[in-house]
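Only one structure is covered here, and it is reproduced in the block below.
The values are calculated or read from the model by the stated rules, or taken from the named source; none is laboratory data. Every value quoted in this text rests on a predicted model; they were computed, and no experiment measured them. Every residue, glycine as well, gets a Cβ built from its backbone with ideal geometry; the counts of neighbours run over all protein chains shown.
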Amino acid sequence: MVSRVLVIKLGALGDFIQACGPFQAIRRYHTNAHITLLTTSRFSSLARNSGWFDEVWIDDQPSWYQFSDWLALRRRLIEGRFNRVYDLQTSDRSGWYFRQFPRQERPEWSGIVRGCSHPHVNSRRDCMHTIDRQTQQLHMAGIEKVSATNLDWLDGDITDFDLPAQFALLVPGGASGRKEKRWPSCCYAGLAQRLMGCGIEVCLIGDDSEGDLQHSIALAAPGVVELAGKTDFPQIAALARCSQVAVGNDTGPMHIIASCGTPTVVLFGNASNPTLCAPRGAKVIIVEGKPYGPIQSLPVISVWEAVQTVRSVA
C-alpha cells in the first residue's frame, strides 16, 4: 500500500501550471496517502493553496559543491519514508535525487532515471507536448485518468485596480533572458489601439522588470493601464476571468490565463515550439510567424484577426 508519496516539480511557471492536471490526478489516485510536493520557493504558495498536497517542501537546488546542503536534502528525502515518487521534472537534477536513496530503500519511482520501477518508456517522449508526456508517464504508473488543468481554486482580489467593465489583457514581456520570444512593443501598441478603438480598454501585466517595456507601449497607445509588478498569480487568474480577451507571448502568465477559460491568443516565433509547450485551454488560438521565422515577422493584422476569431467562439 502506498501511504507516502513525493511529487517533484521545479521548473518555470508555465511548467508548473501544465503539471496541475497531473497533480490533481495523483491526489485523486492516492486519496488516503500523505502527499508531499518538492518544488521551488516561487511556487510554494500556489502549491499550498491548491489543496492537492499535505506538505510542500522547498528545494533550494544546491550546486554540486554545496556538500552540506546536499547532505541535508539527502537526509530529508530518506527520512520522508516515501513509498512512491512521481518525478514530473525528469531532469538530471531530479534523476540525481533518485540516487540519494540507498539502493535497498529506494521507493517506487515514476520517471525516466535508469533503474526506476515505473519508467516512462517512449523514445519520442521529448517530441510530445508537456501535458501529453506527463499524462502518458502517469498512465504507465497506473494512473489512468488525468484531467485538464483546473484552476478554479486560484483567485485573487483585484478590486483595488479599479478596472473598466470591458478590458483586454496584454502580456508583452517574458523571461528577460529570452527576449527573442517577445513580439515587438510597437506591435502591442498597434494591437492596443485597435482594441481601444472598439471600446475595449487594455491592461498590461508583467513582472516589475517590465515597467519600461509597458511604458513604451503606453506612450504609443495612451490610455492603457500599466500593471507591471502589481499582480501576483491569484490576481492574474482573477483578471483573466474578467477580461474579454488576452494576448501574449509564450510566457508563464499565459498558461494561467488560458487555463481560466479566457479567450486567449498566444504568439510564437521560431524561438519556441508550440507543439511542445503551447498553453492549453478551452478557448486558445496559437498564432505563429512565418514558417521557421522570428516572432517579429508576425503582423499586427494576423493577431487582430485571431483576436476577433477567438472572441467570436467564446
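Remark: pairs (first residue in the stretch 238-251, in the same structural domain as Cys203 (by TED's automatic domain parsing) and in contact (Cβ under 8 Å) with a residue 12 or more places away in the chain; second residue surrounded by fewer than 24 Cβ atoms within 10 Å (Cβ to Cβ) and acidic (Asp, Glu); Cβ separation under 9 Å; 6+ apart in sequence or on different chains) = Ala238/Asp155; Ala238/Asp157; Arg241/Asp155. Given the structure, is Ser117 of a type outside the set (A, V, I, L, M), loosely packed, with under 13 Cβ neighbours inside 10 Å and without any contact (Cβ under 8 Å) to a residue 12 or more places away in the chain? No.
Hey, any hits in the stretch 265-281 for a residue that's surrounded by 14 or more Cβ atoms within 10 Å (Cβ to Cβ) and in a helix (DSSP H, G or I)? Scanning the stretch 265-281, I find at least one residue that is surrounded by 14 or more Cβ atoms within 10 Å (Cβ to Cβ) and in a helix (DSSP H, G or I), so the answer is yes.
The listed residues are Gly11, Gly80, Gly51, Gly21, and the only one of them that is at pLDDT 95 or above and either among the hydroxyl-bearing types (Ser, Thr, Tyr) or on the phi > 0 side of the Ramachandran plot (or both) turns out to be Gly51. Scoring His129 on the criteria (1) surrounded by 13 or more Cβ atoms within 10 Å (Cβ to Cβ); (2) within 22 Å of the chain's Cα centre (by Cα); (3) free of Cβ contacts under 8 Å to residues at least 40 places away in the same chain leaves a single failure, condition (3). What do you reckon, is Gly229 over 20 Å from Gly190 (Cβ atoms), surrounded by fewer than 16 Cβ atoms within 10 Å (Cβ to Cβ) and touching a strand residue (DSSP E or B) at 6+ places or on another chain (Cβ under 9 Å)? Judged against the criteria, Gly229 is a match. The residues in the stretch 97-112 that are within 14 Å of Arg84 (Cβ to Cβ) and of a type outside the set (Ser, Thr, Tyr) can be counted, and the count is 8. Give the residues of the stretch 122-131 that are over 16 Å from Lys9 (Cα atoms) and either in a helix (DSSP H, G or I) or out of contact with any helix residue (DSSP H, G or I) (no Cβ under 9 Å at 6 or more places or on another chain) (or both), sorted by residue number. Result: Ser123, Arg124, Arg125, Asp126, Cys127.
Is one or more of the residues making up the stretch 171-178 within 27 Å of Phe268 (Cβ to Cβ), buried (at least 19 other Cβ atoms within 10 Å of the Cβ) and in contact with a His (Cβ under 9 Å, 6 or more places away or on another chain)? Among the residues of the stretch 171-178, not one is within 27 Å of Phe268 (Cβ to Cβ), buried (at least 19 other Cβ atoms within 10 Å of the Cβ) and in contact with a His (Cβ under 9 Å, 6 or more places away or on another chain), which makes the answer no.
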